[in-house]
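Trainee: Quick one: structure below, then a few questions.
The values are calculated or read from the model by the stated rules, or taken from the named source; none is laboratory data. This is a predicted model, so every value here is computed, not measured. Reconstructed Cβ throughout: ideal geometry from the backbone, glycine too, with neighbour counts over all protein chains shown. Accessible surface areas use protein heavy atoms only, side chains included; no ligands, DNA or RNA. Shrake-Rupley method; radii C 1.70, N 1.55, O 1.52, S 1.80 Å.
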Amino acid sequence: MTTGEQQPIQWRSLASAGQVARHAARMIGEAAGRAIEARGRFSLVLAGGTTPRELYRLLAQSDQRWEAWRLYYGDERCLPPDDPGRNSRMVAGTGLAALAGEHHPIPAELGPVAGAAAYAPTVGDALPFDLVLLGVGEDGHTASLFPGHHHPADTLVVPVHDAPKPPPERVSLSVAALAACRRMIVMATGAGKAEALRRWRAGEALPVAEVTAAARGEVSVLMAVPDDSSGIP
Ligand code: 6PG
């Protein structure tokens, strides 16, 4: 982990979403090996949405020292635990959740405020994370940190109301919690993400820009944007 100075983001444009998943799987496997060697455990914050599903399937098929893996979530939707819209349900469906020595889903079924309060000690005990995995929305959101939403800077887990991406109620790790990591990987695939990438690269203060700028470790952005209008050379 760096001593505080922000390292330049590593932007990596790949040919397809499949290549993004395979590249991310390799990076995560390497980070896990280093972390387990150094500290006997690997703490990974999982991204929600649909982009990481193939990555999680690849990881679940790989050979890892699973007993040392500790899985956390960057955000969760306030739905019942078995609801197909839950990020934890998506992860379970890939086989990854059952392999890890520790799996810490966010109790978002309690609602935004109670869910955030219940998860905060889990996050506090885990920091700094070894690796934080994030997606990015078409509006530049990441985890459940949305444009125009403001959260207290000194909290680790925040309640989210009126999210523009359904469902409206969520629980999210804060900028500070997501940034407290040794490594951060953002995945962005599909033409729908081109505009967010372009705005991010142009310097707009999007939530994904704020989180990655605050990151204490190395940040890599893995992209597969068909027309590559993301402005990446
Ligand atoms: C969520 C995610 C969210 C997601 C982005 C990208 O709960 O919705 O955490 O931040 O990562 O919206 O979603 P896709 O991967 O489905 O494009």
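Trainee: Between residue 30 and residue 161, what length in nm is gained on full extension when 0.36 nm per residue of separation is reduced by their alpha carbon distance? Mind showing how you got there, number by number?
Mentor: Working: separation 131, 0.36 × 131 = 47.16 nm, distance 3.66 nm.
So the extension gain works out to 43.5 nm.
Trainee: According to a simple spin-label model (label point 7 Å from Cα along Cα-to-Cβ), what is the distance in nm between residue 98 and residue 198?
Mentor: Taking the simple label geometry, residue 198 and residue 98 are separated by 4.4 nm.
Trainee: Taking H placed 1.01 Å from N in the peptide plane, check which residues at least 5 places from residue 220 or on another chain put their amide H under 5 Å from its amide H.
Mentor: 10, 184, 185, 186
Trainee: Roughly to the nearest percent, how much of the accessible area of the chain is carbon and sulfur, given a 1.4 Å probe? Display every interim value, and only then the final one.
Mentor: Working: 5010 of 9890 Å².
Percent of accessible area from carbon and sulfur atoms in the chain: 51.
Trainee: In the stretch 69-113, what is the volume of the convex hull around the alpha carbon atoms, normalised per residue and reported in Å³? Working shown, then result.
Mentor: Details: hull volume 3.0 nm³, N = 45.
Dividing the Cα hull volume of the stretch 69-113 by its residue count gives 66 Å³.
Trainee: Tell me, what does the Kirkwood hydrodynamic radius of the stretch 80-171 come to in angstroms if you use every pair of distinct C-alpha atoms? Mind showing how you got there, number by number?
Mentor: Details: mean 1/r = 0.0697 Å⁻¹.
For the stretch 80-171, the Kirkwood estimate is 14.4 Å.
Trainee: How big is the accessible area of residue 11 in square angstrom, nearest 10, if you roll a 1.4 angstrom probe over the protein chains?
Mentor: The accessible area of residue 11 comes to roughly 60 Å².
Trainee: On the Cα set of the chain, report Rg and Dmax in Å, please.
Mentor: Rg, Dmax (Cα atoms, Å): 16.2, 45.
Trainee: Going by the alpha-carbon gyration tensor, a ≥ b ≥ c the square roots of its eigenvalues, is the stretch 1-83 rounded (a/c under 1.5) or, if a/c is not under 1.5, prolate (a/b greater than b/c) versus oblate?
Mentor: On the way: a/c = 1.31, a/b = 1.14, b/c = 1.15.
It is rounded, given that a/c, with a ≥ b ≥ c, falls under 1.5.
Trainee: Next question, about the same structure. Going by a ≥ b ≥ c, the root eigenvalues of the Cα gyration tensor, does the stretch 122-233 fall in the rounded group (a/c under 1.5), the prolate group (a/b larger than b/c) or the oblate group?
Mentor: Details: a/c = 2.03, a/b = 1.34, b/c = 1.52.
Oblate shape, in that a/c is at least 1.5 and b/c is the bigger or equal ratio.
Trainee: Starting at the first residue of the stretch 75-85, write each ³J(HN,Hα) from the Karplus equation 6.51 cos²θ - 1.76 cosθ + 1.60 with θ = phi - 60°, in whole Hz, x for Gly and Pro.
Mentor: Result, ordered by residue: 6, 8, 8, 7, 9, x, x, 9, 6, x, x Hz.
Trainee: Rounded to the nearest whole Å², what accessible area per residue is found for the chain with the 1.4 Å probe?
Mentor: Values: 9890 Å² over 233 residues.
For the chain, the solvent-accessible area averages 42 Å² per residue.
Trainee: Within 10 Å, count the other beta carbons around each residue, average over each peptide in 205-211, 90-96, and list them highest first. Show your work: numbers first, answer last.
Mentor: Numbers: 205-211: 21.0, 90-96: 18.6.
Highest-to-lowest ranking by the protection proxy: 205-211, 90-96.
Trainee: Charges on Cβ only, +1 for Lys and Arg, -1 for Asp and Glu, centred on the Cα centroid of the stretch 84-233; of 135, 92, 157, which one is farthest towards the dipole's positive end?
Mentor: Value: 92.
Trainee: Can I ask one more? With θ taken as phi - 60° and the coefficients 6.51, -1.76 and 1.60, list the Karplus ³J(HN,Hα) couplings across the stretch 211-218 in order, rounded to whole Hz; mark glycine and proline as x.
Mentor: In residue order, the calculated couplings are 5, 5, 5, 8, 4, 8, x, 5 Hz.
Trainee: Take the Cβ-Cβ distance between residue 82 and residue 154 as r, set R0 to 30 Å, and report the resulting FRET efficiency rounded to the nearest 0.05. Show your work: numbers first, answer last.
Mentor: Working: r = 34 Å, r/R0 = 1.13.
Using R0 = 30 Å, I get an efficiency of 0.35.
Trainee: Ok, one more. When a/c is below 1.5 the answer is rounded, else prolate if a/b is larger than b/c, else oblate, so apply that to the stretch 132-196 with a ≥ b ≥ c taken from the square roots of the Cα gyration tensor eigenvalues.
Mentor: Details: a/c = 2.21, a/b = 1.15, b/c = 1.92.
Oblate is the answer for the stretch 132-196, as a/c is 1.5 or above yet b/c matches or exceeds a/b.
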